[in-house]
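One structure is given here, and the rest of the page talks about it.
Derivation of every value follows stated rules applied to the coordinates shown; laboratory data play no part. It should be emphasised that the depicted structure is a prediction, and the values quoted were computed from it without experimental measurement. Methodologically, a virtual Cβ is constructed for each residue, glycine included, from the backbone with ideal geometry; neighbour enumeration extends over all protein chains shown.
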Amino acid sequence: MACCMALSGYAASIRLANPTNDVEYPAAEEFAEQRLARRLDMSRNRDIPVDYNFINPYVSNGEWIAQGSGQQGYFYVLNPGWLLWDGTRYFYTNYFHWYDGGTPFGPHNPIDATKFTHLSIRMSIPQARRDWIALWWADRPREWPTNLFNFYDGYVTYDGSMAPMLAPWPSGYRVYVLDLTGAEWYRDLRPELTPAPNSLGSGWSGNKFGLRVDPTGVKPLPVGEDARVSWIRFFDGATSPEIEFDWENEDIPNSAYYSIQLWVDSDNSGYDGELVMAGLVNDDSATLKAGALPPGDYYFYLRAVRHENGGLTELARSEYSARVRIGAARARTTWW
Ligand SMILES: [Ca+2]
Ligand SMILES: [Ca+2]
Ligand SMILES: [Ca+2]
């Protein structure tokens, strides 16, 4: 029997069981709010202090918009400072450099990685360029960042002979929630679909003086295509409140070919939200750390998907959650 909540046309169904009443969570501790008394919300050009191989990046309506150049582009969230001779060559003979009051300038404001364990970033990339995303960090001022954390920008799916293929996320914005310590990478996730990040070097501990983001791996953005960033957060994963999502489903197997996605929206209509958690084990429950999202009001829904041969098929979609409010009323802003 198909459940009464199934959308027409779906044999399978998924029903959100929690949160179905409005809920409220305190905001988590976040690096820029605490250290700089502001957010890295792309309201100023210098919210991205340095970029490389983008054409004329600019900020508009709370978005940092950077056109590709055909070369591998990357940007710094935290500028490590003017880079030193490494024994072979000088780095950065020309680049954009903005900061005001020393921010976000790593030598003045290093990130305490022991406290701010999680990074969340709302970033837009065209689907055809998605392959993997790399983060690099520097352990000293003016150091070329060589410590790597990179991960696939999509699901790993399998073809008929079980050969892995990447199914990249759709074009547009995606909210990435990353445990930079790697310790909780698999919490609620299927390891087959979302392999652990490849990490090299120092690991996320101590003070970090620079942090670089490569939004694409080996497929640079061409001229005419943009990468966009809307906000970046470094939050305290240990003390962040957790939002629990519970669901019930019919005819959706719990196996490596199936998983649940959590989408977040600014209202409860249109099913035009953004992916925030993907590859969830279909065991009827998952949690999202509230610190992953800026203070504000949110609505969530679930999608059940089957993945195979490099593509995804939606099997079922839940109704919207009740309102999830993060942060005190006076601290709320629009989340985008
Ligand atoms: Ca913004
Ligand atoms: Ca909507
Ligand atoms: Ca679970």
Problem - Label-reachable residues, region 290-304, where backbone N falls under 13 Å from a point 7 Å from R187's Cα toward its Cβ - result: 290-292
Problem - Distance histogram for the chain (every C-alpha pair counted, 20 angstrom bins, percent rounded to whole numbers) - result: 31, 58, 11, 0
Problem - Stretch gain in nm, segment A196-M162, where the contour uses 0.36 nm per residue and the Cα spacing is subtracted - result: 10.3 nm
Fill in the blank from the handout: Reduced to Cα centres, the span from region 299-315 to region 145-194 in Å works out to 15
Exercise for the section: Tell me the label-point distance for the pair N18, I55, using the 7 Å Cα-to-Cβ offset, in nm and rounded to one decimal. Expected result: 5.1
Problem - Rough spin-label spacing in nm, given labels placed 7 Å along Cα→Cβ, for T239 and T146 - result: 3.5
Fill in the blank from the handout: So for region 161-223, using the alpha carbon gyration tensor with a ≥ b ≥ c as root eigenvalues (a/c under 1.5 gives rounded; past that, a/b versus b/c decides prolate or oblate), I'd call it oblate
Practice task
With a ≥ b ≥ c taken as the square roots of the eigenvalues of the C-alpha gyration tensor of region 185-336, please select rounded if a/c is under 1.5 and otherwise prolate if a/b is larger than b/c or oblate if it is not?
Solution key: rounded
